[in-house]
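The values are calculated or read from the model by the stated rules, or taken from the named source; none is laboratory data. The structure presented is a predicted model; accordingly, all values stated were derived computationally and were not measured. Note that each Cβ is placed from the backbone with ideal geometry, even for glycine, and that neighbours are counted across all protein chains shown.
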Amino acid sequence: MLTRPTELNLSNWRQPGNNRWAFHHVREIIPSEKIACGERVNAFDKSIASSIAGLSVAGPGGADWSLQRWLEESNSDALLVAHRGELVHEWYIDADMETCPHIVFSVSKSITATLAGVLVDQGLLDPTKPVVDYIPELADSGYRDACLQQVLDMVVNIDFNEDYLATSGKFLEYRTATAWHPCEVDEIDQNLHDFLCSIERADGEHGQVWQYKSPNSDLLGWILERASGERLASLMSRYLWQPMGAEADAYITVDRKGAARTAGGICVLPRDLLRFGELVRNRGFANGRQVIPEWWIEDCSEAGSREAWERGESSKEVPAGQYRNKWYQTGNEHRTMLAIGIHSQWIYINPVTEVTIVKLSSQDEPLKPELDATNLQMFGNISARLNR
């Protein structure tokens, strides 16, 4: 059992030496709100017939890594694999990881956008509408002429730089506004909604370039609350966690005034994240009912602007990819979908091999592109092994 680091505080909880404990005890560091599960649990069938223990992958330096070495080198906390609905592999670095919700960082974006599909299907949201139709307070911001679909697809042209290692400037101001970083006493009223309204417009048209900017996803959470008249945590409980049969409550971090951090603050039991991935792989169907509209899942896996993606920086790593409704498409022949968070949080969904993989981690740096390629290769190796 891991113990709380003695020097851990709000300014250093994501740093090596602190992050492994912090990432599954976030609610002891940051204010949060419960996403309640229901009474009915959608239990996994378990199978020991499909072993992946002998797999290996080429590490970033070319060395051959066994499965265990890959888990160690990538600072993994949990690895879960489902094949055709059966849980075929379940590993945790520590017993606490199995029973405590782990922060999923930007996988939160994909979860939130999946929830958005429910409200679109109910007629409460229209992706073609300007965001100011839902949040008039944005009339003087950089979002003033953006539509909801552009927010969903990360093609909004705002003046914001996603710099995870910044020690000053706009990104640190953003982190402070979300209550993820300490603020000065005279800044105690800093909050996420005011920050979103303060973001300015950048030069160029919306919709032209894929640009990864997390405030877009926090704005989506605000829009969901405004359109539904319901708290974000309550929406997620009612439309996702309960109907998909989650076994434990999840939670989401909130700012000093209670605004949900939908860009990165969801914390969830690893098995429940696998259940969510399976819900998407099954085109929104779980427990005998259509939980998420099938057409929305199809839109997430098929639509999106190739041109905008090609103009963005991530096209270097995934040339055939696309991005739609906060889901990554790899563009491979299996139509594999990904949800990805910093510090190496992953959902991998292969609808052809019927494999879903969840990897949760405490990677020492927010981003390691060279290790991302290794992770994707190992996911592919796992998927291919199970498809024999």
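Computed quantities for the displayed model
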{"item": "Within region 313-364, considering residues that are on the phi > 0 side of the Ramachandran plot and modelled with pLDDT of 95 or more, the one surrounded by the fewest Cβ atoms within 10 Å (Cβ to Cβ)", "result": "354"}
{"item": "Options 218, 203; residue that is acidic (Asp, Glu) and closer than 30 Å to residue 39 by Cα", "result": "218"}
{"item": "Some residue of region 340-358 being in contact (Cβ under 8 Å) with a residue 12 or more places away in the chain, in a strand (DSSP E or B) and touching a Pro at 6+ places or on another chain (Cβ under 8 Å)", "result": "yes"}
{"item": "Some residue of region 131-150 being buried (at least 17 other Cβ atoms within 10 Å of the Cβ), in contact (Cβ under 8 Å) with a residue 60 or more places away in the chain, within 25 Å of residue 271 (Cα to Cα) and of a type outside the set (Lys, Arg)", "result": "no"}
{"item": "Out of 186, 126, 96, sole residue that is modelled with pLDDT under 95, touching a Leu at 6+ places or on another chain (Cβ under 9 Å) and of a type outside the set (Gly, Ala, Ser)", "result": "96"}
{"item": "So residue 232, is it in contact (Cβ under 8 Å) with a residue 12 or more places away in the chain, out of contact with any Leu (no Cβ under 7 Å at 6 or more places or on another chain), crowded, with 23+ Cβ neighbours inside 10 Å and more than 16 Å from residue 339 (Cβ to Cβ)", "result": "no"}
{"item": "Search result, residues across region 16-30 that are exposed (fewer than 15 other Cβ atoms within 10 Å of the Cβ) and in contact (Cβ under 8 Å) with a residue 40 or more places away in the chain", "result": "16"}
{"item": "Selection within region 252-263 - in contact with a strand residue (DSSP E or B) (Cβ under 8 Å, 6 or more places away or on another chain) and surrounded by 24 or more Cβ atoms within 10 Å (Cβ to Cβ)", "result": "252, 253, 260, 261, 262"}
{"item": "Residues that are out of contact with any Cys (no Cβ under 9 Å at 6 or more places or on another chain), touching a residue at least 60 places away in the same chain (Cβ under 8 Å), not basic (Lys, Arg) and not in a loop (DSSP other than H, G, I, E, B), drawn from region 280-294", "result": "286"}
{"item": "Unmet criterion (only one of (1) touching a strand residue (DSSP E or B) at 6+ places or on another chain (Cβ under 6 Å); (2) more than 21 Å from residue 385 (Cβ to Cβ); (3) buried (at least 21 other Cβ atoms within 10 Å of the Cβ); (4) not basic (Lys, Arg)) for residue 297", "result": "(1)"}
{"item": "Any hit, region 213-232, residues being farther than 20 Å from residue 162 by Cβ and under 16 Å from the mean Cα position of the chain (by Cα)", "result": "yes"}
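To keep it simple, each residue is scored yes or no on (1) farther than 21 Å from residue 354 by Cβ; (2) of a type in the set (A, V, I, L, M, F, W, C); (3) modelled with pLDDT of 90 or more.
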position: 49; (1), (2), (3): no, yes, no
position: 60; (1), (2), (3): yes, no, yes
position: 63; (1), (2), (3): yes, yes, yes
position: 76; (1), (2), (3): yes, no, yes
